[in-house]
Amino acid sequence: MNLVTWSLATFHATTFVLAIVLFAYSRGGLGAALGGLNTFVGLGLFVALWATTYFTTARALRGLDLVRSARDREAYARRTVRWGARNGMAFLAVLGVVALSAAIANTRPDQIGLGILFPALLIAPIALVVSAAVGGAVGVIFGIIDLGLFALAGMSGQDSEPTT
């Protein structure tokens with residue numbers, strides 16, 4: 001695994017979760033939101049987010065060298081919208097599969113079709129569009145932060161020269 005990919009994916013997933021937790025805490029809704037979760041569920045959700053974030057970050061970085069090439073950093077900035085949107089949709093798909101599985105397991109068989117699957121089919125396209133928009137926006141924000149961090153690290157100038 002590439003250290004840059006691993007680091008960026010971990011930073012993105014952790015910062016995203018931290019932002020959501022701080023936002024919920026500031027609104028006073030953190031206790032109610034976490035009341036139905038346990039450690040296993042919370043860890044599972046974070047691992048799912050990290051996995052989709054790692055996969056999409058790896059795809060966004062494929063063929064690029066952010067450490068050595070200014071041109072690649074510009075290309076990365078353009079890729080953040082597309083792969084951020086895909087990350088949002090991928091995480092929504094994971095959540096959807098888990099939620100549908102739990103709902104089906106806890107519902108009588110004669111109520112699954114009209115009570116769960118039909119509403120899910122109506123909601124899914126709208127949810128995918130919203131998750132793509134949110135994911136794309138978050139991807140752009142993290143892309144800007146990433147490039148800012150690379151600039152702070154002194155990697156924003158011209159292509160680096162090999163040292164002898």
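Coordinate-derived values only; no laboratory data. Everything numeric in this text was worked out from a predicted model, so none of it was measured. Neighbour counts run over all protein chains shown; Cβ positions are idealised from the backbone, glycine included.
With 0.36 nm allotted per residue and the present C-alpha distance subtracted, the R59-L34 stretch has 5.8 nm of extension available.
DSSP loop (so not H, G, I, E, B), at most 16 other Cβ within 10 Å: list which trypsin sites (Lys or Arg not before Pro) in segment 46-155 pass both filters.
Details: sites: R59, R62, R68, R71, R73, R78, R79, R82, R86; in loops: R62, R68.
Listed in order of number, the matching sites are R62, R68.
GNM on the chain, alpha-carbon springs under 10 angstrom: the most fluctuating residue among G113, G88, G135 is G113. Over the chain, DSSP H runs of length four or greater, each weighted -39,500 (n - 2.57), average out per residue to a 222 nm ellipticity of -27000 deg cm²/dmol. Each Cα pair of segment 25-136 feeds into the Kirkwood radius, which the Stokes-Einstein equation turns, at 37 °C and 0.692 mPa s, into a diffusion coefficient of 199 µm²/s. With a sphere of radius 13 Å drawn around the Cβ of N87, what net charge do the other residues whose Cβ falls strictly inside it have (Lys, Arg +1; Asp, Glu -1)? Surrounding charge for N87 is +4. Considering only D110, D65, D146, the mean-square fluctuation computed in a Gaussian network model of the chain, springs between alpha carbons under 10 angstrom, is largest for D110. What the phi angles of segment 87-102 give under the Karplus curve with 6.51, -1.76 and 1.60, with θ = phi - 60°, is a coupling list of 5, x, 5, 5, 5, 4, 4, 4, 4, x, 5, 5, 5, 5, 4, 5 Hz, glycine and proline written as x.
Applying Stokes-Einstein at 4 °C and 1.567 mPa s to the Kirkwood radius of segment 93-153, computed over alpha-carbon pairs, gives a translational diffusion coefficient of 92 µm² s⁻¹. Round to the nearest 10 and give me the degree value, 0 to 90, for the angle of helix 3-26's Cα axis relative to the longest principal axis of the chain. Tilt of helix 3-26: around 50 degrees.
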